[in-house]
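Colleague: What follows is a structure written as structure tokens; I'll ask about it next.
The values are calculated or read from the model by the stated rules, or taken from the named source; none is laboratory data. Note that the structure is predicted; figures quoted are calculated from it, not measured. Here the Cβ is made from the backbone with ideal geometry for all residues, glycine too, and neighbour counts use every protein chain on show.
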There are 4 protein chains.
Amino acid sequence: MSQGSAIRVGVLGAQGRMGSEVCRAVEAASDLEVVAKVDAGDSLEALVDAGVQVVVDFTNPDVVMDNLRFCVSHGIHAVVGTSGFSEERLASVAEWLTGTSVGVLIAPNFAIGAVLSMRFAELAAKYYDSAEVIELHHPRKLDAPSGTAAHTARLISEARAAAGLGAMPDATTSEADGARGTVVGGVRVHSLRIAGMIAHQEVVFGTEGETLTLRHDSLDRTSFMPGVLLGVRSVAAHPGLSVGLDKYMDL
Amino acid sequence: MSQGSAIRVGVLGAQGRMGSEVCRAVEAASDLEVVAKVDAGDSLEALVDAGVQVVVDFTNPDVVMDNLRFCVSHGIHAVVGTSGFSEERLASVAEWLTGTSVGVLIAPNFAIGAVLSMRFAELAAKYYDSAEVIELHHPRKLDAPSGTAAHTARLISEARAAAGLGAMPDATTSEADGARGTVVGGVRVHSLRIAGMIAHQEVVFGTEGETLTLRHDSLDRTSFMPGVLLGVRSVAAHPGLSVGLDKYMDL
Amino acid sequence: MSQGSAIRVGVLGAQGRMGSEVCRAVEAASDLEVVAKVDAGDSLEALVDAGVQVVVDFTNPDVVMDNLRFCVSHGIHAVVGTSGFSEERLASVAEWLTGTSVGVLIAPNFAIGAVLSMRFAELAAKYYDSAEVIELHHPRKLDAPSGTAAHTARLISEARAAAGLGAMPDATTSEADGARGTVVGGVRVHSLRIAGMIAHQEVVFGTEGETLTLRHDSLDRTSFMPGVLLGVRSVAAHPGLSVGLDKYMDL
Amino acid sequence: MSQGSAIRVGVLGAQGRMGSEVCRAVEAASDLEVVAKVDAGDSLEALVDAGVQVVVDFTNPDVVMDNLRFCVSHGIHAVVGTSGFSEERLASVAEWLTGTSVGVLIAPNFAIGAVLSMRFAELAAKYYDSAEVIELHHPRKLDAPSGTAAHTARLISEARAAAGLGAMPDATTSEADGARGTVVGGVRVHSLRIAGMIAHQEVVFGTEGETLTLRHDSLDRTSFMPGVLLGVRSVAAHPGLSVGLDKYMDL
């Protein structure tokens, strides 16, 4: 039930699998209101016409940058779950935001367990000689590795660098092409695509005599909604670019 | 190589599997010195005669309380890896220490991964409806559950209470005796004894649509030594009873 | 689309979570036809009136025995997914079937992966000193352990006995009540109830220096339907009591 | 204790980690006798001089082919745990053996759990849309993927082909180099190198609504010895090339 004081939300990709869940979840929240639904072929001007304050973007890597440029230039905050953000893309968004009061949250994953798992990976990183990331998703996923996995690898990489750790031990001299995965910030990442799976990730740490594994399983896309709503409610209070939902949490 | 200024260490249970590793590790550290080794049948007076400053106790639940009473009354600090500490036992030790400057560290687990896993369990607890602990050990272990598992369960229990969470959901009406494990502070704990295993633990959290699993594997008992040495070096600076190596860490 | 030659199916518990899926799956199969739906309060006579050839029973332990007695005495085959079958109950059903041509399939689990996992557990059992079962389900489940877990334990127990293996090694002398799980045929079984989970099982084997773990995850109850339909199509060709879908498979 | 009738064994790579364990295990078996130990720099003629009947080769990919050619041409059976066997290498060995009565066993893994895991993977393959292999080893390992993982992938590939299954579903259009692993017979294989680990493998299967995971952990290289001794005792009775210890087992 919408109210005069509710936050006015626009949903990009509103007919998509995630977008339609977002619409349902926003409409079910008494302090939020869906005032615009935009899909492929629709004009972004509808957002302005409807007086949208915050957009939620679960679209695809081909259009998300155009969406964001439009929102930033029109003073609309954005909560983004679309994947495919490279360092260059993040730098572009940050640049667009310079000097504005607009907030953009780009979160590789809105599941609270994924956020905890990334934060724990960051805390554990300095205690271990080795760390690698495995992510397992349904076979309809377009990109590999997942944004969450790449983000996790970057966090580990930064924590290792801050602690003065060097390269991980690895004596491999004979590698079949791709066997050791891809490398993100010096951290190996491995992507599996398995029918029946939803979204799963393991971060594996090891040192002499012991290993630590952080595993997160999203079994249903409704698991993302509490995090999306937290983002919608908080983004206006965080101008500039925030990467990762943990920036809005108390960890 | 011992030195005049080295900490004088006594090892209780010196011929045991863990005790002999402790002797090796202490002797390999230039700032520590083994000055007494005590086993079943030996008198604890040897500790006093040798001028021991810190004892390391990996003995068994039947004798550890006598060992600790002796140490506290003789002003000797203690680092304890022996299991079997109930709430009553912990209360007794705390009482003995009142008004003294002696430090006692009782750590259910000295592996850094176990410590991290317990800390992460504590941080994650408030975000999940359900939490249970599984521990898997070699079949020569005498007690079930492990001290680490019981300690983990207590940490989760306290974190849930602090966050105002009630009982976990559980509709079980027909339970074969023991199927749902034992209960520590409202948290279910399950103990497996499997040939070929060393010491392993999983903490499983769940809420609608997602789960988080923290798994720690100790594959070799040398994994405990860095933690034991950290305890020996730090115990004198922490008078009173400390439970868990994380009390000496920066997490 | 029903046809004259389609198998006439009655669904017991038709409005339940599993029952309604069964109705959908049967109706979607061109060689099967739902001719009766029975729920709590309805008379079983409806099955006879509708000329049911095979019933599918996903009800509950309180009524399933009455359902089966009725079906057997009226010459109706039964495919049963309801849990709670003890050795006594199985013996009763087998006795009722003596001298009839009625087939009853009682399957603790219809997921193909569960069936494979049980069969592999049976094959592996003789090579390992230790074996235990962990099952994890949603917290709305009424019984612990699950029928699948109990059945798996019995298969392991029988395979060990056939190979002349004795009791598993276990030095536990101090056990908190329930910590070591329940015992089914000498095999320990541990039941977890975790929000967000569906139906999961791990069978853990170990011998000196190595372990083997068979894990099955049902992430969606649609995973049971191919197995249920296989049961409905095959039960008439298997008079007497069959326990486990693998009896109808080629493993 | 050697005897006149004991099998005369030569160990190649006798001073290596695995080789020295083999020496110990062979010497501990009353029906086997170590009569020659050969390491880098030693002449293979020592095998002939000592009257070796069976060699055990845990050397490295650079020398193993020369070792095998020598053995075959001198009528010496071989049990080989060295990794790095490509299809070409296997074809070469098979060709050398044509017309001889020499037996060669090339086993990617001698742990019974690994053998079971591979056999179960082969049996499960036809029931699943997707299958991938993850292997995790200590970081001193030279090749990736492991021989066991590659062999497992080939078994899955052959079982899928025999059942008429096509390519696995995979919608990936944007892949960071190596993210999706290497491909062996159409099956993706992922190699992790983690300090503290020994030798571990997971085979992950999935179909709509469910997944099956087969995990094997070798925690100690003594786990290979029962399999090696089985190979030594059986190789003479199996002329020609055998790949995989299961060829000598009853599965």
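Colleague: For segment A:179-192, check the following and say yes or no: at least one residue is free of Cβ contacts under 8 Å to residues at least 12 places away in the same chain and more than 19 Å from A:TYR128 (Cβ to Cβ).
Modeller: So in segment A:179-192, the residues free of Cβ contacts under 8 Å to residues at least 12 places away in the same chain come out as A:179-180, A:183.
Next, from what is left, pick out any that are more than 19 Å from A:TYR128 (Cβ to Cβ): A:179.
Looking through segment A:179-192, at least one residue is free of Cβ contacts under 8 Å to residues at least 12 places away in the same chain and more than 19 Å from A:TYR128 (Cβ to Cβ).
Colleague: Take B:VAL35 and decide whether it is in a strand (DSSP E or B) and either in contact with a helix residue (DSSP H, G or I) (Cβ under 6 Å, 6 or more places away or on another chain) or under 23 Å from B:GLY84 (Cβ atoms) (or both).
Modeller: Working: in a strand (DSSP E or B): yes; either in contact with a helix residue (DSSP H, G or I) (Cβ under 6 Å, 6 or more places away or on another chain) or under 23 Å from B:GLY84 (Cβ atoms) (or both): no.
Here the answer is no, as B:VAL35 does not meet what is asked.
Colleague: Here's another thing I want to ask about it. Hey, can you tell me all the residues within segment A:47-87 that are within 14 Å of chain D (Cβ to nearest Cβ) and out of contact with any helix residue (DSSP H, G or I) (no Cβ under 6 Å at 6 or more places or on another chain)?
Modeller: Of the residues in segment A:47-87, the ones within 14 Å of chain D (Cβ to nearest Cβ) are A:60-62, A:64, A:82-87.
Hits for segment A:47-87 are A:ASN60, A:PRO61, A:ASP62, A:VAL64, A:GLY84, A:PHE85, A:SER86, A:GLU87.
Colleague: Another one. Looking for something more than 26 Å from C:SER5 (Cα to Cα) and crowded, with 18+ Cβ neighbours inside 10 Å - is there at least one such residue anywhere in segment C:56-65? Give the steps one after another, and end with the answer.
Modeller: So the first thing to find is which residues in segment C:56-65 are more than 26 Å from C:SER5 (Cα to Cα), and the list is C:59-65.
From what's left, crowded, with 18+ Cβ neighbours inside 10 Å: C:59, C:64.
Yes, because at least one residue in segment C:56-65 is more than 26 Å from C:SER5 (Cα to Cα) and crowded, with 18+ Cβ neighbours inside 10 Å.
Colleague: Next question. Got a number for residues in segment C:132-156 being of a type in the set (D, E, K, R) and surrounded by fewer than 18 Cβ atoms within 10 Å (Cβ to Cβ)? Even if it seems obvious, please write down each step before you answer.
Modeller: Filtering segment C:132-156 for residues of a type in the set (D, E, K, R) gives C:132, C:135, C:140-141, C:143, C:154.
If we keep only those that are surrounded by fewer than 18 Cβ atoms within 10 Å (Cβ to Cβ) as well, we get C:140.
Total meeting the criteria: 1.
Colleague: Follow-up question, since we're still on this one. Taking into account only those residues within segment C:157-199 that are crowded, with 23+ Cβ neighbours inside 10 Å and within 28 Å of D:ARG119 (Cβ to Cβ), which is farthest from the other protein chains (Cβ to nearest Cβ)?
Modeller: C:VAL187
Colleague: Moving on. What number of residues within segment C:109-149 are within 14 Å of chain B (Cβ to nearest Cβ) and not in a helix (DSSP H, G or I)?
Modeller: Counting residues in segment C:109-149 that are within 14 Å of chain B (Cβ to nearest Cβ) and not in a helix (DSSP H, G or I) gives 19.
Colleague: Within segment C:84-139, track down each residue that is more than 26 Å from B:ALA171 (Cβ to Cβ) and of a type in the set (Gly, Ala, Ser).
Modeller: C:ALA91, C:SER92, C:ALA94, C:GLY99, C:SER101, C:GLY103, C:ALA121, C:ALA124, C:ALA125, C:SER130, C:ALA131
Colleague: So which residues in segment B:1-32 are closer than 21 Å to B:ARG140 by Cβ, of a type in the set (Val, Ile, Thr) and part of a strand (DSSP E or B)? I'd like the intermediate steps shown before the answer.
Modeller: Filtering segment B:1-32 for residues closer than 21 Å to B:ARG140 by Cβ gives B:11-24.
Add one more test, that the residue is of a type in the set (Val, Ile, Thr), and what stays is B:11, B:22.
Selection gives B:VAL11 alone.
Colleague: Turning to a different aspect of this structure: Using the structure shown, decide if A:LEU97 is within 30 Å of B:PHE205 (Cα to Cα) and buried (at least 17 other Cβ atoms within 10 Å of the Cβ).
Modeller: In short, no.
Colleague: Take B:VAL72 and decide whether it is at negative phi and touching a residue at least 24 places away in the same chain (Cβ under 8 Å). It would help to see each step written out before you state the result.
Modeller: Values: at negative phi: yes; touching a residue at least 24 places away in the same chain (Cβ under 8 Å): yes.
Answer is yes for this residue.
Colleague: Out of B:MET118, B:MET168, report the one residue that is at pLDDT below 95 and among the hydrophobic types (A, V, I, L, M, F, W, C).
Modeller: Working: B:MET168 fails: at pLDDT below 95.
Of B:MET118, B:MET168, the one residue that is at pLDDT below 95 and among the hydrophobic types (A, V, I, L, M, F, W, C) is B:MET118.
Colleague: Tell me whether segment A:78-87 contains one or more residues that are of a type in the set (Ser, Thr, Tyr), under 16 Å from the mean Cα position of the chain (by Cα) and within 30 Å of D:PRO139 (Cα to Cα). Full working, then the answer.
Modeller: Within segment A:78-87, the first condition is being of a type in the set (Ser, Thr, Tyr), and the residues that meet it are A:82-83, A:86.
When the remaining residues are screened for being under 16 Å from the mean Cα position of the chain (by Cα), the result is A:82-83, A:86.
Checking which are within 30 Å of D:PRO139 (Cα to Cα) leaves us with A:86.
For segment A:78-87, residues of a type in the set (Ser, Thr, Tyr), under 16 Å from the mean Cα position of the chain (by Cα) and within 30 Å of D:PRO139 (Cα to Cα): present.
Colleague: If you check A:SER218 against the conditions, is it crowded, with 19+ Cβ neighbours inside 10 Å, within 21 Å of the chain's Cα centre (by Cα) and facing chain B (nearest Cβ under 8 Å)? Step through it out loud before you land on a result.
Modeller: Working: crowded, with 19+ Cβ neighbours inside 10 Å: yes; within 21 Å of the chain's Cα centre (by Cα): yes; facing chain B (nearest Cβ under 8 Å): yes.
Taking the combined requirement at face value, the residue satisfies it.
Colleague: Can you tell me which residue in segment D:221-246 is nearest to the chain's Cα centre (by Cα), limited to those that are within 14 Å of chain C (Cβ to nearest Cβ) and of a type in the set (Ser, Thr, Tyr)?
Modeller: D:SER223
Colleague: Follow-up question, since we're still on this one. Scan segment D:203-213 and tell me whether some residue there is surrounded by fewer than 18 Cβ atoms within 10 Å (Cβ to Cβ) and at pLDDT below 95.
Modeller: Looking only at segment D:203-213, we keep the residues that are surrounded by fewer than 18 Cβ atoms within 10 Å (Cβ to Cβ), and these are D:208.
Cutting the leftovers down to at pLDDT below 95 gives us D:208.
Looking through segment D:203-213, at least one residue is surrounded by fewer than 18 Cβ atoms within 10 Å (Cβ to Cβ) and at pLDDT below 95.
Colleague: Sticking with this one: How many residues are closer than 19 Å to A:HIS238 by Cα and part of a loop (DSSP other than H, G, I, E, B) when one looks only at segment A:38-85?
Modeller: Here the count works out to 6.
Colleague: Here's a follow-up. Assess whether A:VAL48 counts as being crowded, with 19+ Cβ neighbours inside 10 Å, assigned by the TED database to the domain that holds A:GLY240, of a type in the set (Val, Ile, Thr) and farther than 19 Å from A:MET225 by Cβ. Full working, then the answer.
Modeller: Working: crowded, with 19+ Cβ neighbours inside 10 Å: no; assigned by the TED database to the domain that holds A:GLY240: yes; of a type in the set (Val, Ile, Thr): yes; farther than 19 Å from A:MET225 by Cβ: yes.
For A:VAL48, the condition - crowded, with 19+ Cβ neighbours inside 10 Å, assigned by the TED database to the domain that holds A:GLY240, of a type in the set (Val, Ile, Thr) and farther than 19 Å from A:MET225 by Cβ - is not met.
Colleague: Of all residues in segment C:21-48, how many are polar (S, T, N, Q) and more than 23 Å from C:MET65 (Cβ to Cβ)?
Modeller: Initial filter on segment C:21-48 (polar (S, T, N, Q)): C:30, C:43.
Narrowing the set further to residues that are more than 23 Å from C:MET65 (Cβ to Cβ) leaves C:30.
Total satisfying the criteria: 1.
Colleague: Being under 25 Å from A:VAL34 (Cβ atoms) and either modelled with pLDDT under 95 or assigned to a strand (DSSP E or B) (or both) is the filter here, so list the residues in segment A:86-108 that pass it.
Modeller: Answer for segment A:86-108, where residues must be under 25 Å from A:VAL34 (Cβ atoms) and either modelled with pLDDT under 95 or assigned to a strand (DSSP E or B) (or both): A:GLY103, A:VAL104, A:LEU105, A:ILE106, A:ALA107, A:PRO108.
Colleague: Of all residues in segment C:5-32 being among the polar types (S, T, N, Q) and within 18 Å of C:GLY81 (Cα to Cα), which is nearest to the chain's Cα centre (by Cα)? Show your work before the answer.
Modeller: Looking only at segment C:5-32, we keep the residues that are among the polar types (S, T, N, Q), and these are C:5, C:15, C:20, C:30.
The next check asks that each one be within 18 Å of C:GLY81 (Cα to Cα); those that pass are C:15, C:20.
On the way: C:GLN15: 20, C:SER20: 18 Å.
Across segment C:5-32, the extreme among qualifying residues is C:SER20.
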